[in-house]
1. Tell me which of these B:Thr250 doesn't satisfy, since it passes every other one: (1) touching a Phe, Trp or Tyr at 6+ places or on another chain (Cβ under 7 Å); (2) away from chain A (no Cβ under 14 Å).
2. Among the candidates B:Arg259, B:Arg268, B:Arg303, which residue alone is closer than 30 Å to B:Val26 by Cβ, at pLDDT below 85 and either buried (at least 17 other Cβ atoms within 10 Å of the Cβ) or within 14 Å of another protein chain (Cβ to nearest Cβ) (or both)?
3. So in segment B:260-310, with the set limited to residues that are touching a residue at least 24 places away in the same chain (Cβ under 8 Å) and of a type in the set (Asp, Glu), which one is farthest from B:Glu92 (Cα to Cα)?
4. What is the one condition in (1) over 17 Å from A:Ser568 (Cα atoms); (2) without any contact (Cβ under 8 Å) to a residue 60 or more places away in the chain that A:Ser400 does not satisfy?
5. Of all residues in segment B:71-83, count the ones that are surrounded by 13 or more Cβ atoms within 10 Å (Cβ to Cβ) and without any contact (Cβ under 8 Å) to a residue 60 or more places away in the chain.
6. Tell me which residues, restricted to segment A:144-157, are within 21 Å of B:Tyr304 (Cβ to Cβ), among the charged types (D, E, K, R) and away from chain B (no Cβ under 14 Å).
7. Can you name the number of the only condition in (1) within 14 Å of chain B (Cβ to nearest Cβ); (2) surrounded by fewer than 19 Cβ atoms within 10 Å (Cβ to Cβ); (3) closer than 29 Å to A:Gly503 by Cβ; (4) at pLDDT below 90 that A:Lys31 fails?
Amino acid sequence: MEGPAEKLKADYSTPLEISGLTVSLKTKAWKCAIVEDVSLRVRSGEILGLVGESGSGKTVTCLAALGLLGPAWQTEGEIRLARTRITDAASASQLVSVRGREAAMIFQDASASLNPIEKVGKQLTKTVARLRGVSTGEAREIALDLLRRVEMPDPEERFHSYPFQLSGGQNQRVMIAVALAGRPELLFADEPTTALDVTVQSQILDLIKSLRDETKMGVVFVTHDLGVVKEVCDSVAVLYAGRIVESGSVERIMNAPRHPYTLGLIESMPTLSGHVPEGIEGQVPAPDKRPQGCAFAPRCDKAQERCRTQLPLGARSDGGDSVACFFPLEGNLGRTERPELSSHSRPADGPSTDALLSLKDAACDYDTRRGKFRAVSGITLSLNEGDRLAVIGESGSGKSTIGKLMLGIEPTSEGTATFMGNPVPILGTSDHIAFARSVQLVPQNPFLSLDPRATIGSQIEEPLEIHGIGTRQERRARRCELLESAGLSLDLATRYPHEISGGQCQRAVIARALALRPKVLICDEATASLDVSVQARIIELLRELHRMHDLSIVFITHDLRLARSLCSHVAVMRSGQLVELGETSPMFEAPEHPYTSQLLASMPDVEVADSRTMETMQ
Amino acid sequence: MTGFVFRKLLRTLFTLFLVVTFVFFVLRLTGDPVSAMMPDDTDPAILDELRKQWGLDRPLGVQYLEYWFNLLQGDFGNAYRDGRPAIEIVAERVPATLKLTLTAFAFIVIAGFPLGIFAAVNRGTAIDRGIMTISVTGFSLPNFFLGILLIFLLSVTLRWLPAYGSDHWYNLIMPVITLGTAGAAVIARFVRSSMLEVLNAPYIRACRARGMTERAIIWTVALPNAAIPTITIMGFMVGTLIGGSIVTETVFAWPGIGRLLIDAVTARELAVVQTVVMITAASMVFANLAVDLLYLVIDPRRRYASGTGE
């Protein structure tokens, strides 16, 4: 009999081995499996990408491996870290001795993962002293050295900073330094770059790779972004509804995915070369509503009777290729090129006669405690009828402020904002009411912009009521029309926001924005909180609406790939300045401003260089 | 830092000014010390004479200005009856009250914090529910009732403790429990919810992930973070204690300013009442100032936000 956290002979070649892992959430009354029959192996120096959409069980798998799940969770199967077997019965002290030493973990929100009231240097020093059993003085030296190794700028100075004084990227560097404190053989990285700007993300990814090379530690890299996977991982395990559906080397998976879900995910990713994402129909089943056969079958266009009743043999991530599908795809991935949306070719910055919305030398100041803060300045750009303008930039670049100026939420401090030749009225004035019919906003978080206590249908009708448009019957009819054009089924009208998925909520918000037949739709990070397969479908919807209703779109985003797949023009923002403005394809092929090139180079991309022949056959 | 303290201090002084003014007028509008002191059948001429003697016949505004004039010179006025300075009468009662309230404050912290932490760590278990039930009972009991209950139980029935007196340490036991129970119950609840919030924070999970023991996490990471919001409550607690001490001192015949206040109000000893009220108000206001400053010491985020950082 093996003891609960029995010490094994050190196995430096495979610091993580999981087989047949099932993790369930249980209460007295019910038990629900979140992760089912997962097997994976990570070798020293290997970066394994654990990929999947929200709710697929990626994070739960990592937490289970460190025994970090609470008492409400039950794990079955085998988990072996470098020298230790982790089981439910492992005692607290056994787990404590493993964590940080054999395996460490870094998290998505680094700024929230550090003790907010202790200086980072002190936190790091304490961790080093504890994990390496050295004196505080020695630990301090090691801690400083670790900060240098994670390439922290001014490490001596930063040592005495509190987490709130550091940027997200710097905090993530601190977290990585803390994770390295115990010289672990394995690192779990749970979406460590998701909350970061692209240029910072690419630095952190490089850092993780170089530390891996240096220390030969194994890395489990959890992410939903296949572009990031392609950038850092050696092998990939794709999770869907708690099971590994496919695994293999990065090259193989990205070039020749065999599971329809993997293909769907790859196709959902917009690319810098302009691939138009195609989403996957339907949504991930909730853990307690997973179907009997293959969980992907209801969304799979290749599914047959067998898929719905039988479970395909689980894929194992153990170095070789493996796929859990009765009818795996074969051949290389190709791209279906879709016709570019037509766009009148014109310079976006020139004073144009038929400009719908334009900003001229516009600046915007915010009042802060320490006086005025100029968020953007000297912005000149215009949106013509039928344009799709992307405003891209990193956080704090002023891209949302541009949206606010266009919507009249903020007044211009200098320069002008005009709509069809007239100044944009400011929110709250009587002119703004009429203006709002023509320009509508789609915000980032659909849940927050819907009233939780009103039905979807009534919220879609609301703009019509406010503006006194049509009779009751006419509004009802328009509501059905709107639901349909947003790709929602009519019976959703009677549901409440919490009863429908995130993607459906965002569609409802779009439907509501379209109720007044606006000329311009301003989408502020409208897909940023959605899963990629859902995001792709929203992009599809926006393209469709553009085509059908001759809608002009301003798409504010940090994701250059989205800008490429949706927009005709791009405005690149950096610290409140407009650094480059022009048509999308020429700019992406030959950016003029060095910052644009830097952004493009930092953006992880799934695009495969050559193989563009479509050969998905059975 | 000094600028911040200076601004806080100015505001504190303004609060004190308002308190003094309010007390001055309310006391004079609600009853006449002369008629309260003398028998009902006293000759009105004598009453008038007394009023004149004590300066009560002059317009309120004049009395008020004179009061401030004396106050700024350190003169708090004299008691009508024996003519002793009010400040002296109050000062000899302060130590007893300080002893009672400070011990009660220590009791609140020593009982409230561990109970709250213990309940939070054992969330949802019988321990948690038990502590919370006791806590609800604790702050629902009026403290005069709790005092009488204790006397009945410990003095009358069990004969363990004397019902009154203030000379020995054990005389403190019942008054402190009477005065501190409600506060301890409130602190326990507050610490519990604050701890629960902190224990769910991402940085706690990160601490676990790097192998810190649960005990170390609770005491060195979670508690300091959870203690920050409880400091506000502790500031309020000072006010509750001073208010509560009036009742408690009366129940246990404790020779502090609480009982002095009750006596002085009945006798309409204006100078004494004003002095007691001013001292209690000042201690509350300074407790709140201390809370504000304590925040700066323990929460670096506030330190930098208030522009007082390094």
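1. (1)
2. Numbers: B:Arg259 fails: at pLDDT below 85; B:Arg303 fails: closer than 30 Å to B:Val26 by Cβ.
Selected residue: B:Arg268, the only one of B:Arg259, B:Arg268, B:Arg303 that is closer than 30 Å to B:Val26 by Cβ, at pLDDT below 85 and either buried (at least 17 other Cβ atoms within 10 Å of the Cβ) or within 14 Å of another protein chain (Cβ to nearest Cβ) (or both).
3. Out of the qualifying residues, it is B:Asp299.
4. For A:Ser400, the failing item is (2).
5. Residues of segment B:71-83 that are surrounded by 13 or more Cβ atoms within 10 Å (Cβ to Cβ), as a first pass: B:71, B:75-80.
Adding the requirement that they be without any contact (Cβ under 8 Å) to a residue 60 or more places away in the chain leaves B:71, B:75.
Residues in segment B:71-83 being surrounded by 13 or more Cβ atoms within 10 Å (Cβ to Cβ) and without any contact (Cβ under 8 Å) to a residue 60 or more places away in the chain: 2 in total.
6. A:Asp154, A:Glu156
7. Looking at each condition in turn, A:Lys31 falls short on (1).
Residues checked against (1) in the same structural domain as B:Thr101 (by TED's automatic domain parsing); (2) hydroxyl-bearing (Ser, Thr, Tyr); (3) surrounded by fewer than 23 Cβ atoms within 10 Å (Cβ to Cβ):
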site	(1), (2), (3)
B:Leu141	yes, no, yes
B:Arg159	yes, no, yes
B:Pro175	yes, no, no
B:Phe190	yes, no, yes
B:Ser193	yes, yes, yes
B:Leu196	yes, no, yes
B:Pro202	yes, no, yes
B:Ala209	yes, no, no
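The values are calculated or read from the model by the stated rules, or taken from the named source; none is laboratory data. Everything numeric in this text was worked out from a predicted model, so none of it was measured. FYI the Cβ positions are ideal-geometry reconstructions off the backbone, even for glycines, and counts take in every protein chain you see.
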